[in-house]
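Data block below; observations after.
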Amino acid sequence: MSKILVGMSTCGMSAGAKDTYKTLEGLVDGSDNELTFTGCIGMCFKEPLVEIREGDRRTIYGHVDKKRAKEIYETHVVGGEELPDYIVYQEDGGNACGGSEQQFLERQERIVLRNCGLINPESLEDYEDRDGYQATRKALAEMNPEDIVAELKESGLRGRGGAGFPTGLKWSFCAGYESDVKYVVCNADEGDPGAFMDRSVLEGDPHAVLEGMIICGKAIGAGFGYIYCRAEYPLAIHRLQVAIADATDKGYIGENILGSGFNFDIKIKQGAGAFVCGEETALFASIEGERGMPRIRPPFPAESGVFGKPTNNNNVETYANVPWIISNGGQAYRKYGTEKSPGTKVFALAGKVAKGGLAEVSMGRTIEDILFGIGGGIKEGREFKAVQMGGPSGGCIPAHLKDTPVDFENIPKTGAIMGSGGMVVMDDQTCMVDMARFFLDFTQDESCGKCTFCRIGTLRMLETLERITRGEGEVEDTDMLAELGEQIKQASLCGLGQTAPNPVLSTMRYYMDEFLAHIKHKSCPAGSCQALVDFIIIEEKCEGCGVCAKDCPVDAISGILKQTYVIDIGACVQCGKCLTSCAFDAIYTVGKKVAAS
Amino acid sequence: MDGFMNQTEAEFSYRLWRHDGAQGELIPLLQSAQDHFGYIPRRAIKYISGVAKVPESKIYGVITFYSQFRLQPMGKHAIRMCTGTACHVANAGMLLETIEDELGVEVNGTTEDGTFTLFSVACIGCCSLAPVMMVDDDTHGSLTPVTTRRIVRKVRRKALAGEKKAAAEKPEGDAAASPAKE
């Protein structure tokens, strides 16, 4: 008898895991094999993933569509013969023993993702089988609040939302305030475009987050918890609801938990689509049903947070670390990571990386180690140009700094920030000026409007960058961007405004030559900014269908049917219409040739 | 159609009735209103204001602050093109232009026949499948201009076929369907 697990997280489902599951459901019906689903295994680039578990032997197959699912079921599950061509990872008794992507998982160290991909996230029994709620039992029965805080201080855990504030210290502040009501808040408003660690944890192991919150409640003396989750994550919300209901039934949440006399309730609050609500004071305002605008600190949340009561707010990943630390001790946690940044961190690899997915590694490993050792380098063997960390608040780290250790001390030195863990990789086809414009476009749109510099300053910066990408930039623009950027950082109240200019400032620091190419030579070296490129038809790919010539508004494309068409660069107005209408991917763009001066 | 409206209104009213005046319930109420009407109509603001004891002007302020809330009805199908970082790097901008060209509307616009509304969203969270778009609840990844047009055309064809079918079956269908609903 085997157990079949289908990876059913949002990324798996969008790759077609639902169809795979349905196919297997039909096949398994009536046999003694068991079919279930699990959360994100982490290898998003191989989704949909199916695991066959026979005792201690795990075999994970990649790219399993309906047809392959049938083949795997008939040959492996029924026939007992493995299909090595499709195997991405194999493990026997806990040791990796094969598969094409063995090193992707083998090089990781998993604490936060300890259960992701192994258990059914909607099954409390599965979680309990993997020592689930043992930490809660220990914390409630054997530890008093001071012990819990001390254990966390001992572990050195730092907040995983981006700022890296020591968690134990934060809890001790909140524990220090006397109040009839206190709140525990879990920030699951993962708004950074390009980051999906929190979603994967919520979808793959929701109970771990609940457990972290319960333990926090005990430590700071709170009886109520809110999970603020963005509405764009419907599956994560669903799995949290199931988890909360199950845990309540089993007596892990509610009154007199496990007979300890401690009461704790958890409620989900859905976000409504505002990036600034990831900032804690804005998040509290949103929970209260107001416009999500930040407040002045102090008073800090530990003193006055949700509804003016003492509140402790941590990120999803931070809470997911807590049960492990309570069970294994702070000292054990310190074995991972560096002196000042202990533990592990989950990174979401995306962009032009060959193997996009989730990677959890010890702090202090180098960027190169993560991107090339685990991520498999750059797609299509292209050149590595930069990696963006920290989303719209962070910055780009150029290729020549790839030896930088990834921790709270070294990343800020490069001008980027640790952030919540998104790593978006860029290759030589990515224009850095356009990236700066892209992030500013995002923050400008998401600025709540409270502070003038953030509201108007970011717009002025955006307009300038748009001008540069259109080829209308002037030499003084770069100085103006740098000056205005500094002013916005100083004159904004919350993290959004204080960090909004970072993507621009950090790209100007490393890629000034690209800015100057746009401004002086009116050329985009990466071939990305439409106004500053030449459109060219690739001879080998063009089928001579003539659609582009028909669509061209200025008749710049000419040719004979069934032969290669040609674009007259002089007549072309760079509208990009041909790019969207070509069915053969035969049109590409290169930076305008710079006239020799 | 009238019956449909009445039914959702009844459900929405139920939620209003169940509202116990707890602090911070405004956003969930607005979300339930939008779930049922597809957008937030003027009269829903009025109801909520009456029950939650929050001035209409303040409710309007909250609605316009959050990008999730709409004051206008939207098309039958929502196309959400992801323009998050990973998708942006994978040329999502060009795909957005492709869809705009295919539908003849700009971002946040609804096609004349009311079939599609086009949105650009920050991140769907399937970054490793970039570029990604969502048509209603289905996510489509690794898009190119060709596959994008194909998907949009397929949905449009289905929608048109569905309408024709509904129109043809209407005389009988209505009579058969209404008792079942009750």
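Looking only at segment A:1-26, how many residues end up being more than 14 Å from chain B (Cβ to nearest Cβ) and in contact with a Lys or Arg (Cβ under 7 Å, 6 or more places away or on another chain)?
The qualifying residues number 5.
Evaluate the following for A:L496: is it assigned to a helix (DSSP H, G or I) and surrounded by 21 or more Cβ atoms within 10 Å (Cβ to Cβ)?
Yes: the conditions hold for A:L496.
Which one of these is surrounded by fewer than 17 Cβ atoms within 10 Å (Cβ to Cβ), closer than 15 Å to A:V185 by Cβ and within 14 Å of another protein chain (Cβ to nearest Cβ): A:K267, A:K309?
On inspection, the qualifying residue turns out to be A:K267.
Return only the number of the condition from (1) within 24 Å of A:G576 (Cβ to Cβ); (2) out of contact with any helix residue (DSSP H, G or I) (no Cβ under 9 Å at 6 or more places or on another chain); (3) part of a helix (DSSP H, G or I) that B:T98 does not satisfy.
All conditions are met except number (2).
Go through segment A:379-396 residue by residue and tally those that are in contact (Cβ under 8 Å) with a residue 60 or more places away in the chain and touching a Gly at 6+ places or on another chain (Cβ under 9 Å).
8
So, in segment A:535-585, of the ones that are surrounded by 13 or more Cβ atoms within 10 Å (Cβ to Cβ) and without any contact (Cβ under 8 Å) to a residue 12 or more places away in the chain, which residue ends up nearest to the other protein chains (Cβ to nearest Cβ)?
Only one residue tops the list, namely A:T580.
Of the residues B:I124, B:I40, B:I63, B:I45, only one is away from chain A (no Cβ under 12 Å) and either surrounded by 18 or more Cβ atoms within 10 Å (Cβ to Cβ) or at negative phi (or both); which? Step through it out loud before you land on a result.
Numbers: B:I124 fails: away from chain A (no Cβ under 12 Å); B:I40 fails: away from chain A (no Cβ under 12 Å); B:I63 fails: away from chain A (no Cβ under 12 Å).
After ruling out the rest, the residue left standing is B:I45.
Assigned by TED's automatic domain parsing to the domain that holds A:D189, more than 28 Å from A:C229 (Cα to Cα) and either of a type in the set (G, A, S) or surrounded by fewer than 23 Cβ atoms within 10 Å (Cβ to Cβ) (or both), is that true of A:G330? Give the derivation first.
On the way: assigned by TED's automatic domain parsing to the domain that holds A:D189: yes; more than 28 Å from A:C229 (Cα to Cα): yes; either of a type in the set (G, A, S) or surrounded by fewer than 23 Cβ atoms within 10 Å (Cβ to Cβ) (or both): yes.
It is true that A:G330 is assigned by TED's automatic domain parsing to the domain that holds A:D189, more than 28 Å from A:C229 (Cα to Cα) and either of a type in the set (G, A, S) or surrounded by fewer than 23 Cβ atoms within 10 Å (Cβ to Cβ) (or both).
Here is a check on your reading of the model: is A:K385 of a type in the set (K, R), within 14 Å of chain B (Cβ to nearest Cβ) and either touching an Asp or Glu at 6+ places or on another chain (Cβ under 6 Å) or part of a helix (DSSP H, G or I) (or both)?
yes
Of all the residues that make up segment B:127-140, how many are surrounded by fewer than 24 Cβ atoms within 10 Å (Cβ to Cβ) and facing chain A (nearest Cβ under 7 Å)?
Within segment B:127-140, residues that are surrounded by fewer than 24 Cβ atoms within 10 Å (Cβ to Cβ) and facing chain A (nearest Cβ under 7 Å) number 1.
Is it the case that A:G42 is of a type in the set (G, A, S) and within 14 Å of chain B (Cβ to nearest Cβ)? Reasoning before the result, please.
Working: of a type in the set (G, A, S): yes; within 14 Å of chain B (Cβ to nearest Cβ): yes.
Judged against the criteria, A:G42 is a match.
Look at B:R80 and say whether it is without any contact (Cβ under 8 Å) to a residue 40 or more places away in the chain, of a type in the set (K, R), within 11 Å of chain A (Cβ to nearest Cβ) and touching a Phe, Trp or Tyr at 6+ places or on another chain (Cβ under 6 Å).
no
Among the residues in segment A:203-214, are any out of contact with any Cys (no Cβ under 6 Å at 6 or more places or on another chain), free of Cβ contacts under 8 Å to residues at least 60 places away in the same chain and small (G, A, S)?
no
Of everything in segment A:444-461 that's within 11 Å of chain B (Cβ to nearest Cβ) and in a helix (DSSP H, G or I), which residue is nearest to A:P294 (Cα to Cα)?
For segment A:444-461, the residue satisfying everything is A:E446.
Exactly one condition in (1) of a type in the set (G, A, S); (2) within 14 Å of chain B (Cβ to nearest Cβ); (3) buried (at least 23 other Cβ atoms within 10 Å of the Cβ) is not met by A:A231; state its number.
(3)
Any idea which of B:G114, B:G75, B:G50 is over 29 Å from A:A195 (Cα atoms), part of a helix (DSSP H, G or I) and away from every other protein chain (no Cβ under 11 Å)?
Working: B:G114 fails: part of a helix (DSSP H, G or I); B:G75 fails: part of a helix (DSSP H, G or I).
Result of the check over B:G114, B:G75, B:G50: B:G50.
The values are calculated or read from the model by the stated rules, or taken from the named source; none is laboratory data. Since the structure is predicted, the reported quantities are computational estimates derived from the model, not experimental observations. We place every Cβ from the backbone using ideal geometry, glycine too, and count neighbours over all the protein chains shown.
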